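J.: Next up is a structure, given as structure tokens.
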Amino acid sequence: MHFSQLIARRQSVRNYTDQPVEAEKMAQLIEAVRLAPSASNSQPWKLIIVDDPTLKNQVAKATFSTLISFNKFARQAPVLTVLVIEKPKMITQIGGRLKDREFPLIDIGIAAEHFCLQATELGLGTCMLGWFDEAAIKGLLQIPDDKRIGLVITLGYAKADDSLRTKKRKSTAEISSYNRY
């Protein structure tokens, strides 16, 4: 698949089958994250793959509540991936302070998109979730208190009725310019 086709095909999937994700595909997804670039090659992430059904359902429940129910679909996904932010190299920390930049947040965004694009190429669907009960998930997955969870990503095979949607995006003129703002 050409890259332009891949990015056109990648979308947030919110309706999954119960078909498990094959081990070899999981290995390819992990490798895609491993190869993602990062500031000073810090690779400030740890990927936790949650595929045990009971634990996965507990983590999924921590992505919504009675008031905020838009992530309930996470229970359908056979796999949840939790992206934990790790401490970057010292040079990256210093550079971040000097330039007032959160390089690890940029880096996990890149790693997450590598994961999602690789999943799309493999015929899998994903959805990045930023709304979740961090304390609950940290407790369930035994993540140390001094760590932060950057994202939870749902993963699985999209149901047939979750077809490719038309992307609603700003025009190129609205998002780009040459030589000045």
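The values are calculated or read from the model by the stated rules, or taken from the named source; none is laboratory data. The structure presented is a predicted model; accordingly, all values stated were derived computationally and were not measured. Glycine also receives a Cβ, built like all others from the backbone with ideal geometry; neighbour counts cover every protein chain displayed.
J.: Go through segment 145-181 residue by residue and tally those that are in contact (Cβ under 8 Å) with a residue 12 or more places away in the chain and either exposed (fewer than 10 other Cβ atoms within 10 Å of the Cβ) or in a loop (DSSP other than H, G, I, E, B) (or both).
T.: First pass over segment 145-181, keeping only residues in contact (Cβ under 8 Å) with a residue 12 or more places away in the chain: 147-159, 161-162, 164-165, 167.
Cutting the leftovers down to either exposed (fewer than 10 other Cβ atoms within 10 Å of the Cβ) or in a loop (DSSP other than H, G, I, E, B) (or both) gives us 147, 157, 159, 161-162, 164-165, 167.
Of the residues in that region, 8 qualify.
J.: Just wondering, is there one or more residues in segment 35-47 that are touching a His at 6+ places or on another chain (Cβ under 6 Å) and modelled with pLDDT of 95 or more?
T.: Within segment 35-47, the subset touching a His at 6+ places or on another chain (Cβ under 6 Å) is 36.
Now drop any that are not modelled with pLDDT of 95 or more, which leaves 36.
Yes, the conditions are met somewhere in segment 35-47.
J.: Tell me whether segment 38-48 contains one or more residues that are surrounded by 13 or more Cβ atoms within 10 Å (Cβ to Cβ), of a type in the set (Phe, Trp, Tyr) and out of contact with any Phe, Trp or Tyr (no Cβ under 9 Å at 6 or more places or on another chain).
T.: Filtering segment 38-48 for residues surrounded by 13 or more Cβ atoms within 10 Å (Cβ to Cβ) gives 38-40, 42-48.
Then drop every residue that is not of a type in the set (Phe, Trp, Tyr), which leaves 45.
If we keep only those that are out of contact with any Phe, Trp or Tyr (no Cβ under 9 Å at 6 or more places or on another chain) as well, we get 45.
The answer is yes, given that some residue of segment 38-48 is surrounded by 13 or more Cβ atoms within 10 Å (Cβ to Cβ), of a type in the set (Phe, Trp, Tyr) and out of contact with any Phe, Trp or Tyr (no Cβ under 9 Å at 6 or more places or on another chain).
J.: Okay, moving on. Quick check, is residue 137 surrounded by 14 or more Cβ atoms within 10 Å (Cβ to Cβ) and either of a type in the set (A, V, I, L, M, F, W, C) or more than 28 Å from residue 104 (Cα to Cα) (or both)?
T.: Details: surrounded by 14 or more Cβ atoms within 10 Å (Cβ to Cβ): yes; either of a type in the set (A, V, I, L, M, F, W, C) or more than 28 Å from residue 104 (Cα to Cα) (or both): yes.
So residue 137 passes the test.
Table: residues versus (1) under 15 Å from the mean Cα position of the chain (by Cα); (2) touching a residue at least 12 places away in the same chain (Cβ under 8 Å); (3) under 25 Å from residue 20 (Cβ atoms).
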| residue | (1), (2), (3) |
| --- | --- |
| 33 | yes, yes, yes |
| 39 | no, yes, no |
| 55 | no, yes, yes |
| 58 | no, yes, yes |
| 74 | yes, yes, yes |
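J.: Being in a helix (DSSP H, G or I), out of contact with any helix residue (DSSP H, G or I) (no Cβ under 9 Å at 6 or more places or on another chain) and farther than 11 Å from residue 33 by Cβ is the filter here, so list the residues in segment 109-135 that pass it.
T.: 109, 134, 135, listed by residue number.
J.: Output the residues belonging to segment 1-20 that are more than 16 Å from the chain's Cα centre (by Cα), among the hydrophobic types (A, V, I, L, M, F, W, C) and surrounded by 13 or more Cβ atoms within 10 Å (Cβ to Cβ).
T.: Listed by number, the residues that qualify are 6, 8.
J.: Taking the criterion of being among the β-branched types (Val, Ile, Thr), modelled with pLDDT of 95 or more, out of contact with any Lys or Arg (no Cβ under 9 Å at 6 or more places or on another chain) and surrounded by fewer than 21 Cβ atoms within 10 Å (Cβ to Cβ), would at least one residue in segment 88-111 satisfy it?
T.: Keep residues of segment 88-111 that are among the β-branched types (Val, Ile, Thr), which gives 91-92, 94, 106, 108, 110.
Cutting the leftovers down to modelled with pLDDT of 95 or more gives us 108, 110.
Cutting the leftovers down to out of contact with any Lys or Arg (no Cβ under 9 Å at 6 or more places or on another chain) gives us 108, 110.
Okay, now just the ones that are also surrounded by fewer than 21 Cβ atoms within 10 Å (Cβ to Cβ), so 110.
Among the residues of segment 88-111, at least one is among the β-branched types (Val, Ile, Thr), modelled with pLDDT of 95 or more, out of contact with any Lys or Arg (no Cβ under 9 Å at 6 or more places or on another chain) and surrounded by fewer than 21 Cβ atoms within 10 Å (Cβ to Cβ), which makes the answer yes.
J.: Take the conditions out of contact with any strand residue (DSSP E or B) (no Cβ under 9 Å at 6 or more places or on another chain) and at pLDDT 95 or above and apply them to residue 54. Does it pass? Step through it out loud before you land on a result.
T.: On the way: out of contact with any strand residue (DSSP E or B) (no Cβ under 9 Å at 6 or more places or on another chain): yes; at pLDDT 95 or above: yes.
Considered against the rule, which asks whether it is out of contact with any strand residue (DSSP E or B) (no Cβ under 9 Å at 6 or more places or on another chain) and at pLDDT 95 or above, residue 54 comes out as yes.
J.: Another one. Would it be correct to say that residue 80 is modelled with pLDDT of 95 or more and either in contact with a strand residue (DSSP E or B) (Cβ under 7 Å, 6 or more places away or on another chain) or over 30 Å from residue 168 (Cβ atoms) (or both)?
T.: Numbers: modelled with pLDDT of 95 or more: yes; either in contact with a strand residue (DSSP E or B) (Cβ under 7 Å, 6 or more places away or on another chain) or over 30 Å from residue 168 (Cβ atoms) (or both): yes.
The answer is yes for residue 80.
J.: Which of the numbered conditions does residue 31 fail, given that it passes all the others? Conditions: (1) at pLDDT below 95; (2) surrounded by fewer than 16 Cβ atoms within 10 Å (Cβ to Cβ).
T.: Exception for residue 31: condition (1).
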